[in-house]
Every structure is written in structure tokens, then in C-alpha cells.
Amino acid sequence: MRLNKNAVAKLTLPSDKTEILAFDDDLPGFGIRVRRGGKRTWIVQYRMGTKQRRLTIGSFEVLDADEARRRARNALAKVQLGIDPQTEKAEVRGKAPTTLASVASEYLKRHAKIR
């Protein structure tokens, strides 16, 4: 099946499952995850060495199928070049100037009274 708005909207979760994955016929590795509660998320699945990896691209409600497919192609192109998109995404998050850990640390330095 080619994943598009109508095809994804028709996907239903069997009562005995907590989630299902459906993959696009035209772009191997590009898919959608449907979870109990109705959440639908675009994903790309790939292999780095011996490990199978899965990267969340975005929410079905926010991204249309064409944009999600374009992002999946970009991620798969990086894989072909030996770059792990999942690791790259984690590194970007780690470099964020404001994180919960940094805010909590600063708060404790200023306001915590150690006894």
C-alpha cells in the first residue's frame, strides 16, 4: 500500500494489539505506527551494521504524507552514507543550550538550602 492520508486513516488497530506498523510499498523503510488511543506517527526503519533502528519523523496530524516521505528519504540517504540519523538526532538534543537538567541544576544552585 502507498501510505497517504486516506490509507493511513483507514488503518485500524486489532483489539489484541497495542500498536501496528504499516510500511510503504514505494519507499522501503518508510512507515506509520498506529498505537492504542489513536496516536499515529510517521517512522523510518533502517539497519546500521547489525542493528535495526527506528526513527520517529513526526506526527500524522502535523506532517502530511509527502513531507514525511521526503524526510524519510533524507534519513535513508544518510544511512547510505554511513550516518546514523538516530544518533545524529540525539546529539542535536544533547547540544541544546537549555535542557531540563541544566535548568534544575541552576535552580538548585540558587534556591536549595543544604542542611
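The values are calculated or read from the model by the stated rules, or taken from the named source; none is laboratory data. Note that this is a predicted model, so its numbers are computed, not measured. No Cβ is skipped: glycine too gets one built from the backbone with ideal geometry, and neighbour counts run over all protein chains shown. Heavy atoms of the whole protein, side chains included, go into the accessibility calculation; ligands, DNA and RNA do not. Shrake-Rupley method; radii C 1.70, N 1.55, O 1.52, S 1.80 Å.
Can you give the accessible area per residue of the chain, in Å², using a 1.4 Å probe?
72 Å²
Connecting C-alpha atoms closer than 10 Å in a GNM of the chain, tell me which of V62, V34, V44 has the biggest fluctuation.
The residue with the greatest mean-square fluctuation here is V62.
Compute the distance from the alpha-carbon center of the stretch 1-30 to that of the stretch 52-115, in whole Å.
So the two Cα centres are separated by 24 Å.
Exactly which GluC sites (Glu not before Pro) in the stretch 1-103 are in a DSSP loop and have at most 16 other Cβ atoms within 10 Å?
Answer by residue number: E61.
Can you give the angle from 0 to 90° between the axis of helix 85-94 and the longest principal axis of the chain, with both taken from C-alpha atoms, to the nearest 10?
Around 20 degrees separate the two axes.
May I ask for the net charge around R47, where only other residues with Cβ less than 14 Å from the Cβ of R47 are counted and Lys, Arg are +1 while Asp, Glu are -1? Working shown, then result.
On the way: positive: K51, R53, R54, K78; negative: D84.
Summing Lys/Arg as +1 and Asp/Glu as -1 gives +3.
Need one word for the stretch 53-104: rounded, prolate or oblate. Basis is the Cα gyration tensor (sqrt eigenvalues a ≥ b ≥ c); a/c below 1.5 gives rounded, then a/b vs b/c decides.
On the way: a/c = 3.31, a/b = 1.46, b/c = 2.27.
Taking the square roots of the gyration eigenvalues as a ≥ b ≥ c, the stretch 53-104 is oblate.
Considering Cα pairs under 8 angstrom that are at least six residues apart, work out the relative contact order of the stretch 45-115 and quote it in whole percent.
Contact order relative to length: 25 percent.
Out of A68, A96, A104, any idea which swings most in a Gaussian network model of the chain, alpha carbons joined below 10 Å?
Comparing A68, A96, A104 in a Gaussian network model of the chain, the most mobile one is A104.
Restricting to lysine pairs 8 or more places apart or on different chains, what number in the chain have Cα atoms under 22 Å apart?
Step by step, the pairs that qualify in the chain add up to 9.
What residues from the stretch 19-42 fall in the zone where the backbone N is under 12 Å from a label point 7 Å along the Cα-to-C-beta line of L63?
Zone members listed by number: 30-33, 41-42.
Note down the Stokes-Einstein diffusion coefficient of the chain in µm²/s, whole number, using a Kirkwood radius over alpha carbon pairs, 25 °C, and 0.890 mPa s.
Roughly 150 µm²/s, to the nearest whole number.
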